[in-house]
Structures are given as C-alpha cells and as structure tokens.
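S.K.: This is the structure I want to talk about, given as structure tokens.
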C-alpha cells in the first residue's frame, strides 16, 4: 500500500493512505465479435449468426433471432471500465439498470424459444453479461457456468465468471477462470489485465507485471495496462518505472486516478513539486473529492508550506465532514505544526477523537494523532496512554517505527511532538 506524507509522519502503514486500485478491463459488455446480424431482415424476423469457437457458425432466425438481436442491442456500447477489488463490489448505481432488465428479459425469452445447445451457450453468456451490469453476481455465476457446461471452449463465459468471482472475493477461482479464457484465446487482453489485478491482490507482483506487460504487447496504447503496471512497479519500489508507465497512461487517457498514481510515485521519490502539480490536475478533474485535497495537503506539508496544507485539509473536511482521513490530517497539523499560529490543541482533540470514532478505534494512525493532540494541550498522561495503545496495535502489522518510539519518549518527558518538513522549501 502506498503511504501518504501524513501517514509517514505518524508512522502508520494502515489507515488513511488509500491504495490506488488497479483497473479492471471492460467487464459488463458481451463479446461483440461473436455475433453478427443480417441487416436485410425486418426487426421482427432478424437473423443472427453466432460464430462458434471451432470456427463454424450457427444462424438463428425467427423469434429467437429477433430476441437475441434485441438484447444484444441493449447491451452494445454499455461496457465500462470498472475497478477490480478483492471484495464484493456491485455495479448497481454505476449503470442504468433498466436497459439490463430489458436485455435479460429478451435473453430469457430467447432461451425459451431456442434450446439448441449451440445457441443456448451464447445466450447464457450474454445474459451473464447483463446480470454483471446489474451487479447480480450470483446470477452471473449461474449463467456463465451454464454457458461453460454447454460449450467449454467459449472464452468469454470464463471471463465473466472470473469477474464475478473477483467481486465476491474468490481470487483463486477468478485467476483460474481468467487463465482458462487466455488458454482458449491467447489474445484475450481483458483476461490478462484482470488476472494481473488478482495477482497483485495476492502480492505476486512478478506475475502481475507479466500480465500487464502482455496486455501492453497486445495493445501498445492500452492506458489501463500502463496504469496497472505503474501501480505494480510502485508496490515493489521501482518508482522511476512507475512514473514512466503512469506518464504513458496519461498520454493515452488523462484521468484523475493515473495522475494520482504518478503523484504518489513522485512523493515516494521526494519530488513533491511534481506531485503537487499532479494533484492540482486531479483536483481540477474531480473538485468534489475530499481525498484529493488531503493528498495535496500532505505534499504541501512535506515541503513546509503549512498554510497551503492547512487550506487543503480544511477544504477536505468541508467536502466530507465525516471522513476520518481528512479529520486526522487536519488534527495532526493543528497539533504538531512548527508554526504556533496554526496550532489549536483543543480543536485538534475534537477532530482526532471524531476520526477515532469513525474508524471504530481500529486505525493506529487515528490514535497516534489523538496522542499528539493531547500532548499539544499538555495532557501528557493521555498522550502516553494513546501512543502506547496505538503502538500495540501497530506491532500486529509489523515493526514499530523508530519515530513512533521517539514520540512516546517525548510525551513521557512532557514534551509535545513537532513535525518537520521532509524537504527544504
């Protein structure tokens, strides 16, 4: 996980420094290349041609052909990039549900009208794609499995099932299905991209890098693959390579997530001015996202530009008053800023206490911040108490940072903590 400056200062690897997720390939849409329509027929009697994996084809006319064409038209053009995460993530709310409902009805009627296995496998796969668009993952699993049972050589069915497994947290089965799709179609670029995401979730960055590189080889202008590879390089500390990949991704698709990723890599190489420039771009693209001012504020903090950092942290809290990250960041500055005019211990206690409550007292970073706020007000008994509590929590994730122990010693000596910039202004 990438750490932001505030997390570095309070020596926590968990909490508020959100990792940038790798981006999954286009997921809800069908395999458009598998189906063709005879434009000479009327809408009520359209004939479609389904190309089978062995190279042969099946022509479907009448009611079934019209229903397949109708459902296909509803799905066509509605594929979107979706973030792949190792927990359940429904697509409901991302897409308009109504077209998917109509498509599902058309495919269901088509199945009833034509039970030929050489047609049904394809309809099941299309209906799985529609269910995926609605976020009904249990039905995606049922329909993609039915498609595979009827035709085990149809790569898209494995691909859709892999996405459903991924979104329900079954990484192993997702990888297995993406691998099956690749074996059936070695140029299945989306399967490479998504399998790389799952390998990264298992922290197998060697294989994640391999798959992202394969995707780039298949499409040298594929922004998502460069974006993902940039993340993987960042995770293993190869920040120059990460910056190069993020820059390529921006060249082909300049979006906030990639500017954010490059900014993180710049921070990790202490190039805070370049990081701030990228955060500026992010904020212009997504001006109402509370996390972005927190990130830029952290970069300002690192350079000792405390007034700019304060402005960003306050803006983040205004945008999202119940965001623990924004509250803790502002509280940390109010408690530890070297400029006395910007410190406010009582306000810092209120905000850090709220951050602890919002995170249900499970985030060491929030509790470290609370300790610092009590030290700022001179309540060193409370500062020692919470610093010790957070250190015990932190030790469960790895060694306790030297700075963490040093702050405990300060509180025990009745001295408050003071932050220092990482680079000279």
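S.K.: Quickly run through region 324-342 and pick out the residues that are without any contact (Cβ under 8 Å) to a residue 60 or more places away in the chain and surrounded by fewer than 19 Cβ atoms within 10 Å (Cβ to Cβ).
M.R.: Selection gives 339, 340, 341, 342.
S.K.: Same structure, new question: Identify, by number, the condition in (1) within 30 Å of residue 313 (Cα to Cα); (2) surrounded by fewer than 19 Cβ atoms within 10 Å (Cβ to Cβ); (3) at pLDDT 95 or above; (4) in contact with a helix residue (DSSP H, G or I) (Cβ under 7 Å, 6 or more places away or on another chain) that residue 207 doesn't meet.
M.R.: (1)
S.K.: Now for a separate question. Of the numbered conditions (1) modelled with pLDDT of 90 or more; (2) within 30 Å of the chain's Cα centre (by Cα); (3) closer than 23 Å to residue 191 by Cβ, residue 121 fails exactly one; give the number of that condition.
M.R.: So the condition that residue 121 fails would be (2).
S.K.: Being surrounded by 17 or more Cβ atoms within 10 Å (Cβ to Cβ), within 16 Å of the chain's Cα centre (by Cα) and modelled with pLDDT of 95 or more narrows it down to one residue among 178, 199, 192; which is it?
M.R.: Among 178, 199, 192, only 199 is surrounded by 17 or more Cβ atoms within 10 Å (Cβ to Cβ), within 16 Å of the chain's Cα centre (by Cα) and modelled with pLDDT of 95 or more.
S.K.: Tell me which of these residue 152 doesn't satisfy, since it passes every other one: (1) modelled with pLDDT under 95; (2) under 33 Å from the mean Cα position of the chain (by Cα).
M.R.: (1)
S.K.: Consider residue 285 carefully, then state whether it is surrounded by fewer than 20 Cβ atoms within 10 Å (Cβ to Cβ), touching a residue at least 24 places away in the same chain (Cβ under 8 Å) and closer than 29 Å to residue 235 by Cα.
M.R.: yes
S.K.: Still on this model: Pick out the one residue from 362, 385, 403, 346 that is at pLDDT below 95, assigned to a helix (DSSP H, G or I) and surrounded by fewer than 24 Cβ atoms within 10 Å (Cβ to Cβ).
M.R.: Going through 362, 385, 403, 346 in turn, just one is at pLDDT below 95, assigned to a helix (DSSP H, G or I) and surrounded by fewer than 24 Cβ atoms within 10 Å (Cβ to Cβ): 403.
S.K.: Which condition number in (1) exposed (fewer than 12 other Cβ atoms within 10 Å of the Cβ); (2) modelled with pLDDT under 95 is the one that residue 422 fails?
M.R.: Exception for residue 422: condition (1).
S.K.: Step by step: first the residues of region 222-262, then only those that are within 14 Å of residue 193 (Cα to Cα) and touching a residue at least 60 places away in the same chain (Cβ under 8 Å), then the one that is surrounded by the most Cβ atoms within 10 Å (Cβ to Cβ). Which residue is that?
M.R.: 228
S.K.: Return the residues of region 269-282 that are in contact (Cβ under 8 Å) with a residue 40 or more places away in the chain and surrounded by fewer than 17 Cβ atoms within 10 Å (Cβ to Cβ); say none if nothing qualifies.
M.R.: Correct list: 270 only.
The values are calculated or read from the model by the stated rules, or taken from the named source; none is laboratory data. Computed from a prediction, not measured in an experiment: that's the story for all the values here. Counting neighbours? That spans all protein chains shown, and the Cβs are built from the backbone with ideal geometry, glycine included.
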